[in-house]
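Below is one structure; the comments refer to it alone.
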């Protein structure tokens, strides 16, 4: 096993971290990849029931998958990812004709007898009186079905229709033995944004094994049964079912191994990871693995809801993205017109040296996962950096996002820069630093990652900003200018760390381009036209995207100059004016719980662009305001633990909102994403009495870093004084180099701000 995560498992009040995970939190607003119960950390298999599978009238990846408010289950699906879906399995009893489609075989269910956990899901199909249990290894889904009535039972395997925004096409099914079938199916997006994000189709390969032989295997296509499954079949809208005669109490075990490479690897994944039929053993092993991962950060004190939310946050941060390689290290390479199979480098034990990842939501990850993973799971930073560099070698560009070996032009910028720079500056350096420099410099150049899909970067470099055009064709021009400036600053810090002075000067100069969009008359970042004129009319609360911003507005975007807070403060009239304006934004947003849809409101912690705002008072000499507003956001935006609340109600993007919430709960943050040559952590008051971070000895020489909050209480949100390793700490920050040595941060809290503490300027 590559991953050996050392750390204690929380055992407070007899509970482990996995016991606190509640997958139902905000599950009424699920995207297709949001809710995956029977899944390992970053599992290739993401097995869970589909209650809104993506068929009409719901035909997209939004509002699909498992949603708490739904009343029916359509099947148990093995893949729930960013533009990936497929392999639906459904048990039925009685006379059910699969040719009539998913609506004909769906079943009612109730939450009353449902169990949802990290790594396990149990529910009852009311229509069929069948108990469903699901768990998994990393690459194999494991099902246990208990039939409570005597009679005919079928196990449907459906390779047609639509799931999570993907159309299932060109299915292939072959009966290998009475107890085994294999096959594949193509994923194809169906227009709109999905079409943009899916430039070429992906084929999912599978091997399914049963622990008992059915009386027969049959197949159907569309609305027509095509008879016994005796020969391999191929086509659209294909399905097969195994038929059984069962007695009350009979169980059926099903294993499904998958691969994005080929059938050989799907079979190898299954045989390597699950060579037995002990369901309870796999469930225990999955729980143990989740406890190892989640237990890297232990908390004591706080309320029960706070612990539930915190460990659910961590679960989300370790769940949304997928490892895409097989146990052998093969991975799908779809960077060109042909689908080929790549091979990851192997260690001396024949294991892949790193994980090959699929991901969306690298976008503006500096304010959440880059920091959180760097604290508790630094190896993930290496995995993502190496994945990025494999992609670069395969196609010549860094991806904005990747799915099953294909890069996606979704969103904006080149945010792998932040990830790789943050990793390197923290001493996480298990990747080729020179190749990374080459890839990032190219990614920040015309025709590459930043420019991809927009083709205006050469012009923006001449002008010093991305211009708006009439009619507006430059998507989110002002927002992209701000992103580019942040990312150019990060690349400059990397160049400085590597002694590349000329590159440092170049990208530091570019990092100041945001100033070209600061309108002194309005006091906001404002889109400009190619001729230098301001975009009119202008309202800083106006909607996003085509009006000049990316999933945000000017009120939210203006504060994105986190790499140059002092520069922005000076333009606004000084630190007091900066803080007054920022404080006003939070005051106006309180009644809306600091969250809104894309481009709505003064502050929105429901999406990435504004997620650094509350911590910026630390940089402008008023840390007590960061302490106050961080706690307000943590409680009002992220404090819910109901199916309707917990992540801002809008877009919990593969753990990013969970990452912000978790960092607020432990009181550590990095507004500059940890990209400084000598990174720091900004401090606010944790919600727990004690936080223990178990340091990974492969990266950090210390054993644990502990945070202790004295006089912790709901009303005590202000830091009165602090000590680091027994020495007085007058800063509202400390260095990462002190963190990695291990130690103790003590914070004394109170109900009123100490305006003399922490006001020393942060290092620039």
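The values are calculated or read from the model by the stated rules, or taken from the named source; none is laboratory data. Remember, it's a predicted structure, so these values are computed and weren't measured experimentally. We place every Cβ from the backbone using ideal geometry, glycine too, and count neighbours over all the protein chains shown.
Would it be correct to say that residue 294 is in contact with a helix residue (DSSP H, G or I) (Cβ under 8 Å, 6 or more places away or on another chain), over 20 Å from residue 358 (Cα atoms) and surrounded by 24 or more Cβ atoms within 10 Å (Cβ to Cβ)? Here the answer is yes, as residue 294 does meet what is asked. Picking from residues in segment 307-337 that are under 29 Å from residue 651 (Cα atoms) and part of a loop (DSSP other than H, G, I, E, B), the one that is modelled with the lowest pLDDT is 320. Applying the condition of being buried (at least 19 other Cβ atoms within 10 Å of the Cβ) and in contact with a helix residue (DSSP H, G or I) (Cβ under 9 Å, 6 or more places away or on another chain) to segment 700-718 and asking which residue is nearest to residue 739 (Cα to Cα) yields 705.
Return yes when residue 118 is in contact with a strand residue (DSSP E or B) (Cβ under 7 Å, 6 or more places away or on another chain), crowded, with 16+ Cβ neighbours inside 10 Å and more than 16 Å from residue 257 (Cβ to Cβ) and no when it is not. For residue 118, the condition - in contact with a strand residue (DSSP E or B) (Cβ under 7 Å, 6 or more places away or on another chain), crowded, with 16+ Cβ neighbours inside 10 Å and more than 16 Å from residue 257 (Cβ to Cβ) - is not met. A Cβ distance below 6 Å, combined with a sequence gap of six or more or placement on separate chains, defines the contacts here; from segment 148-171, residues that are free of Cβ contacts under 8 Å to residues at least 60 places away in the same chain reach residues that are part of a strand (DSSP E or B) in the pairs 167/188. Every condition in (1) farther than 30 Å from residue 42 by Cα; (2) within 27 Å of the chain's Cα centre (by Cα) holds for residue 606 except the one numbered (1).
Mind listing just one residue for me: the one in segment 338-355 that is assigned to a loop (DSSP other than H, G, I, E, B) and touching a strand residue (DSSP E or B) at 6+ places or on another chain (Cβ under 9 Å) and, of those, nearest to residue 39 (Cα to Cα)? Checked segment 338-355; the qualifying residue nearest to residue 39 (Cα to Cα) is 355.
When residue 384 is tested against the conditions (1) farther than 23 Å from residue 81 by Cβ; (2) assigned to a helix (DSSP H, G or I), the lone failure is (1). Considering segment 268-285, the residues that are loosely packed, with under 15 Cβ neighbours inside 10 Å and within 14 Å of residue 38 (Cβ to Cβ) include one that is nearest to the chain's Cα centre (by Cα), namely 284.
Of the residues in segment 613-632, not one is more than 22 Å from residue 585 (Cα to Cα) and either in contact (Cβ under 8 Å) with a residue 40 or more places away in the chain or surrounded by 24 or more Cβ atoms within 10 Å (Cβ to Cβ) (or both). Would you tally the residues in segment 156-173 being surrounded by 24 or more Cβ atoms within 10 Å (Cβ to Cβ) and not in a strand (DSSP E or B)? Residues in segment 156-173 being surrounded by 24 or more Cβ atoms within 10 Å (Cβ to Cβ) and not in a strand (DSSP E or B): 2 in total. Residues considered: 13, 18. Of these, the only one that is modelled with pLDDT under 85 and either buried (at least 16 other Cβ atoms within 10 Å of the Cβ) or not assigned by TED's automatic domain parsing to the domain that holds residue 238 (or both) is 13. If only residues of segment 755-764 that are crowded, with 17+ Cβ neighbours inside 10 Å and modelled with pLDDT of 95 or more are counted, the one that is nearest to residue 696 (Cα to Cα) is 758.
Against the list (1) buried (at least 24 other Cβ atoms within 10 Å of the Cβ); (2) assigned by TED's automatic domain parsing to the domain that holds residue 697; (3) farther than 26 Å from residue 674 by Cβ, the condition residue 313 fails is (3).
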